[in-house]
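Presented below is the structure to which this report refers.
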Amino acid sequence: MKFLGVSLLMVSLVLTTIPTVSAQETVELVVSGHDDDGFYFTIEGYTGKNPTVTIAPGASVTVRYTSVTGVHNFHAGDLGKTDIVDPSGGEQTFTFTAPASGSQEYWCDPHKASGMKGMLNFGTASNGDDDDDAGSNESPAFAPVAALLAIAGVALIARRRS
C-alpha cells in the first residue's frame with residue numbers, strides 16, 4: 001500500500017511538471033478595414049470599431065487583413081504591417097511573436113489621423129470581451145487528475161501509517 005501511495009504521488013508530480021501547449025498559443029486575428037461610417041477596423045470575435053485586443057505573451061500571432069471598403073492597410077509598428085490595398089487586393093498576412101509584456105498601437109497608414117487605430121496589449125489583462133481572450137493562459141487539462149492522484153497517494157500513505 002505504501003508503495004502504491006508513493007507511486008501515485010510521483011505520477012501526480014510528473015503530470016504537474018509536463019509543459020503543455022495550449023491551442024490558444026497560436027492566435028489568428030482576422031482584421032477588416034472599413035470606411036463606410038468613418039475609418040475603422042473590425043476584428044473577428046471582437047465587438048465594436050478598432051477594438052483593444054489582449055494577447056498572451058509568447059503567442060504566435062497571424063494577422064489576416066482585408067480591406068472591405070476603401071484603401072487601407074494594417075500596421076502594428078515593428079511587429080509587422082500589410083500593404084495598402086483596396087477591396088480587390090485580396091488578403092494580406094503577417095506573423096509575429098507576442099512580446100512578454102506591454103502594448104502596441106495598430107493603425108492604418110493613410111487614416112491614422114482620422115482615428116483608424118487601436119491597441120494590442122500583451123499580458124493577462126482582459127480585453128473587455130471575456131469570452132474571447134486571444135491567447136489566454138489556461139490550466140493544463142490533466143491538472144484535476146494530478147490533484148486526485150496526489151490526494152489518493154497521501155490517503156494511502158496515511159492509512160498505511162495508522
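Criterion first (touching a helix residue (DSSP H, G or I) at 6+ places or on another chain (Cβ under 8 Å), assigned to a helix (DSSP H, G or I), at pLDDT 65 or above and not assigned by TED's automatic domain parsing to the domain that holds VAL53) does ILE151 satisfy it? It is false that ILE151 is touching a helix residue (DSSP H, G or I) at 6+ places or on another chain (Cβ under 8 Å), assigned to a helix (DSSP H, G or I), at pLDDT 65 or above and not assigned by TED's automatic domain parsing to the domain that holds VAL53.
Filtered by the rule that a residue be surrounded by 17 or more Cβ atoms within 10 Å (Cβ to Cβ) and not aliphatic (A, V, I, L, M), region 26-41 gives SER32, GLY33, HIS34, ASP35, PHE39, TYR40, PHE41. Can you tell me which of (1) loosely packed, with under 15 Cβ neighbours inside 10 Å; (2) in a loop (DSSP other than H, G, I, E, B); (3) not basic (Lys, Arg) is the one ASN50 doesn't meet? Among (1) loosely packed, with under 15 Cβ neighbours inside 10 Å; (2) in a loop (DSSP other than H, G, I, E, B); (3) not basic (Lys, Arg), the lone unmet condition for ASN50 is (1).
Could you say which residue among GLY115, GLY90 is on the phi > 0 side of the Ramachandran plot and touching a residue at least 40 places away in the same chain (Cβ under 8 Å)?
The unique qualifying residue is GLY115.
Of the strands (runs of 3 or more DSSP E) contained entirely in region 56-133, those carrying at least 2 residues that are modelled with pLDDT of 95 or more and surrounded by fewer than 17 Cβ atoms within 10 Å (Cβ to Cβ) fall at 60-67, 92-97, 102-107.
The values are calculated or read from the model by the stated rules, or taken from the named source; none is laboratory data. Remember, it's a predicted structure, so these values are computed and weren't measured experimentally. Virtual Cβ from ideal backbone geometry, glycine too; neighbours counted across all protein chains shown.
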